[in-house]
Amino acid sequence: MAKMTMAQALVKFLDNQYVSFDGKETKFVDGIFTIFGHGIVCGLGQALDENRGSLKVYQGRNEQGMAHVATSFAKQNNRRKIIACSSSIGPGAANMITAAATATVNHVPLLLFPADAFACRQPDPVLQQFEQVNSLATTTNDAYKAVTRYWDRIVRPEQLMSAMINAMRVLTDTAETGAVAICLPQDAEGETYDYPEEFFEKRVHKIVRTVPAYEELEDALRVIASAKKPLIICGGGVRYSEAGDALESFCEQFNIPFAETQSGKSACRSSSKYNLGGLGVTGNSAGNDIAKEADVIIGVGTRFSDFTTASKSLFRSDAKVVTINTSRFDAYKLGATKIVADAKLGLEALALLLSDAGYKSAYTDEYLSAKAKWDAEMDRLAAYRYDENFKPLISAGDEKTIPEFASKFGTITQTSALCLIREKLDADAICVAASGSLPGDLQRMWTTDSKYSYNMEYGYSCMGYEIAGALGSKLAEPEKEVYALVGDGAYLMLHSELITSIQERKKINVLLFDNCGFGCINNLEMSNGIGNLATEFRYRDGNGELLGDLIPIDFAKAASGYGVKTYTARTLEELEAALEDSKKQTVSTLIDIKALPKTMTDGYGAWWHVGIASTSANEKVRAAFENKEENRKKARKY
């Protein structure tokens, strides 16, 4: 037996956890991120100070931010490594809830240790304790139950053993992984127990590939064998299964094109002749045009979000759906013929059956023509410049914003900037983004043949993930350049871990697109008949409305105070020079890109279902509602 506190036992247990995938063994827990407070420092903090083993201790700046770092780190390691996160009670714990939801939605393992109120209740209400009048057993940490895959509270030190074994069960399950919250009452952290030595022995959790059932393969074979123009959707499950090569081989063997979700992008090569690029609301014309004609949709490792399916309107109403997914929940979506299996094994087994059946699709040059059409559009986007004949790509909006912005700030269009950035960055550079209009532009325009170099958080589209996510990717692959592409709105929400990148001497590069506001939502509101309401960064005018002059913000000047190497780009020439110089730096960099509003990409034949007022005195709103109803009639019901 080993006599120690619950917190000391927790640290020792974490240091001895490993995973094995395809025979390759990896230490699972790299370390612990923390912002110490009174609820955690004397318990878990003491344990880490006394004997942390090989675990690293990382110092966060914001609890949500550090948990985003951990999420991105796990994703960049294809879920084979994690960094645990610990916080104090109350507001510190509550700050991590958003990150927990982000990880769970994206099927990424995230281990959280929020401190909790005293189990003994003697000092209640302790500092920062939330008291629920109908139950003293309820604390802030109960809010985690809605956004985690596993939740537990350790009120007695011996409970740690069953709690942590179940935590590891969930974190290493390809179908069920997500956030895990183990709540630590601050008195229980310091309580002593005689733990059995076997609890601390090295544990290797085998991440196994789920083998497809022959009966389900036969069902899928019957559907696909009748398909003339099938389309494969490459989702995040392809990435985590490391099945990109298997998917490309499958497409080549049977002459089937594929399109990518945000999570699936970079699992396969952009240069593959069968890769159509992005699909759905943020997809391009190639993927969407082929999807509309496909008679069978084969979803591999995708959860079919509304952006992927264009709110279930993108596919033909009579198109059949086949899924390959380790998650039975996701495999059942769209009334699919399912194969509950690992993506790689599912594709390989299905390929054997289709080959025996002599299957080949009926495509001739349709998908190649669609790709050529999109290539021409990419050339147009790259050449998009501001001049006297300039017209915004997005027609909706107060067009006085554009000349006002151009005269005061700069003339870079967002699409031409992205084309230049892609051209100048290293081929294996990692791109991180999450919110606003950039995810749409990037899914359409970003190309890469470097595996897993596209880290887009778009399951939760969490503003503030971008910079923390870049640091997580850099911690996972320190030899590569990492770029956070972020709008000014998301940057202002959360960029605290930029300081942590300086502290850790892990260089990240922030490409900050400043268009004076929440441009993506400004487009959405104005295209649906709503006025220019609180989505641009403007002073209040003489009438008391937020319609005064645009607010100038010198982001480069502010970030330079952190020790970051900064640049301001008002023209493409300045942007190119900044990109080249930033590569020479050894500290984190930030390029403040003054990007013209209304110059992002906009739709390529995909509809998005948003709630629109069914009654309004505004004719534009009524028209938007009628358009929504027409599209809804064409969409699948479930």
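Of all the residues in the stretch 149-171, those that are open to solvent by less than 20 Å² (accessible area, probe 1.4 Å) and within 23 Å of THR104 (Cα to Cα) number 8.
Of all residues in the stretch 372-392, those satisfying the criterion of being part of a loop (DSSP other than H, G, I, E, B) and open to solvent by 100 Å² or more (accessible area, probe 1.4 Å) are ARG385, GLU388, ASN389, LYS391. Looking across the stretch 393-421 at every residue that is part of a helix (DSSP H, G or I) and touching a helix residue (DSSP H, G or I) at 6+ places or on another chain (Cβ under 7 Å), the one that is surrounded by the fewest Cβ atoms within 10 Å (Cβ to Cβ) is identified as LEU420. Highlighted here are the helices (runs of 4 or more DSSP H) found entirely within the stretch 157-233 that include at least 3 residues which are under 33 Å from the mean Cα position of the chain (by Cα): 159-171, 214-225. Of all residues in the stretch 258-311, those that are under 18 Å from the mean Cα position of the chain (by Cα), over 19 Å from LEU347 (Cβ atoms) and not hydroxyl-bearing (Ser, Thr, Tyr) total 8.
For ALA225, work out the one condition from (1) open to solvent by less than 10 Å² (accessible area, probe 1.4 Å); (2) closer than 30 Å to ASP318 by Cα it doesn't fulfil. Single failed check for ALA225: (1). Of all the residues in the stretch 526-552, those that are among the acidic types (Asp, Glu) and under 15 Å from LYS598 (Cα atoms) number 1.
The residues of the stretch 611-638 that are over 25 Å from THR308 (Cα atoms) and in a loop (DSSP other than H, G, I, E, B), listed by number, are SER614, THR615, SER616, ALA617, ASN618. Within the stretch 458-489, the residues that satisfy the criterion of being assigned to a loop (DSSP other than H, G, I, E, B), under 12 Å from the mean Cα position of the chain (by Cα) and touching a residue at least 60 places away in the same chain (Cβ under 8 Å) are TYR458, GLY459, TYR460, CYS462, GLY464.
Among residues of the stretch 621-638 that are closer than 22 Å to ALA319 by Cα, those with a beta-carbon under 9 Å from a residue that is part of a helix (DSSP H, G or I) and of a type in the set (Gly, Ala, Ser) at least six positions away or on a different chain give the pairs ARG636/GLY335; TYR638/GLY335.
Test LEU354 against the criterion of being assigned to a helix (DSSP H, G or I), open to solvent by less than 10 Å² (accessible area, probe 1.4 Å) and either out of contact with any strand residue (DSSP E or B) (no Cβ under 8 Å at 6 or more places or on another chain) or among the basic types (Lys, Arg) (or both), and give yes or no. Yes, satisfied. Mind listing just one residue for me: the one in the stretch 176-209 that is among the aliphatic types (A, V, I, L, M) and surrounded by 16 or more Cβ atoms within 10 Å (Cβ to Cβ) and, of those, farthest from LYS24 (Cα to Cα)? Residue satisfying both the conditions and the ranking: ALA188.
There is at least one residue in the stretch 350-358 that is under 30 Å from the mean Cα position of the chain (by Cα) and either at pLDDT below 95 or of a type outside the set (Phe, Trp, Tyr) (or both).
The residue that is nearest to PHE555 (Cα to Cα), counting only those in the stretch 565-588 that are touching a helix residue (DSSP H, G or I) at 6+ places or on another chain (Cβ under 7 Å) and small (Gly, Ala, Ser), is ALA569. The single condition among (1) closer than 30 Å to VAL296 by Cβ; (2) crowded, with 21+ Cβ neighbours inside 10 Å; (3) touching a residue at least 60 places away in the same chain (Cβ under 8 Å) that ILE430 does not meet is (1). Screening GLN46 on (1) open to solvent by less than 40 Å² (accessible area, probe 1.4 Å); (2) farther than 15 Å from VAL180 by Cα shows it passes everything except condition (1).
The values are calculated or read from the model by the stated rules, or taken from the named source; none is laboratory data. Just so it is clear, the model here is predicted, and its values are computed rather than measured. Note: ideal-geometry Cβ built from the backbone for every residue, glycine included; neighbour counts use all protein chains shown. Keep in mind that these areas ignore ligands, DNA and RNA; they rest on the heavy atoms of the full protein, side chains included. Shrake-Rupley method; radii C 1.70, N 1.55, O 1.52, S 1.80 Å.
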